Amino acid sequence: MLGVHKHRLATRKLARAVSVMCLNEIECMEHRVISYKNIVDTNAITMDCDSSGDTTYRYSLTVPFNRKGEKSALVVMMNPSKATDKVSDNTINNVLTRIHNECPEVSKVTITNLYPLYETYSDKLENHKVQSQTNFDKMRLLMEQNDFVLLGWGKPSNKSNKALQKLNTMSMP
């Protein structure tokens, strides 16, 4: 049983190391690489991010569709998982597909998050206050620049609920 536990820890460490490698645009060795769907103009995807040591923060990911349209949508989720301007993840693909299918007037989707830290597990998000403030400042501008704002996340923890309340009190034009 101890061997299984060590194997799981080693697998988690490898997965984290692979995520960092993907962010550095080194070929991804993860179990599977999730590509953007063919509804996306992959050559025009942009990402607003920065790094601090081993930590990467993604403030926004802008994904244009392969179609004409007059509208843009902003999606606010909890935190980035794995998607970059080169690789997607299941959540991003699901959101993009739904918007593409249900909102034909939208030609571009910008995805931002309550927390900018790349972290699959949201219980580790509270320790990045400076980047969170930068993130909220950028999010405020994005809200003004987009035609639609969509909110999407699971049930937040008590700590995350405070961030939601802060977002709720932001003044809109």
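I'm trying to understand the selection: among the residues of segment 19-57, which are polar (S, T, N, Q) and at pLDDT 70 or above?
Those that are polar (S, T, N, Q) and at pLDDT 70 or above: SER35, ASN38, THR42, ASN43, THR46, SER51, SER52, THR55, THR56.
When segment 131-173 is examined, which residues are found to be of a type outside the set (Lys, Arg), at pLDDT 90 or above and in a helix (DSSP H, G or I)?
Our first condition is that a residue be of a type outside the set (Lys, Arg); within segment 131-173, this holds for 131-137, 139, 141-154, 156-158, 160-161, 163-165, 167-173.
Applying the additional criterion that residues be at pLDDT 90 or above yields 134-137, 139, 141-151.
Within segment 131-173, THR134, ASN135, PHE136, ASP137, MET139, LEU141, LEU142, MET143, GLU144, GLN145 qualify.
Taking into account only those residues within segment 97-130 that are modelled with pLDDT of 95 or more and closer than 20 Å to CYS49 by Cα, which is farthest from the chain's Cα centre (by Cα)?
LYS108
The values are calculated or read from the model by the stated rules, or taken from the named source; none is laboratory data. Just so you know, these numbers come straight off a predicted model, no measurement behind them.
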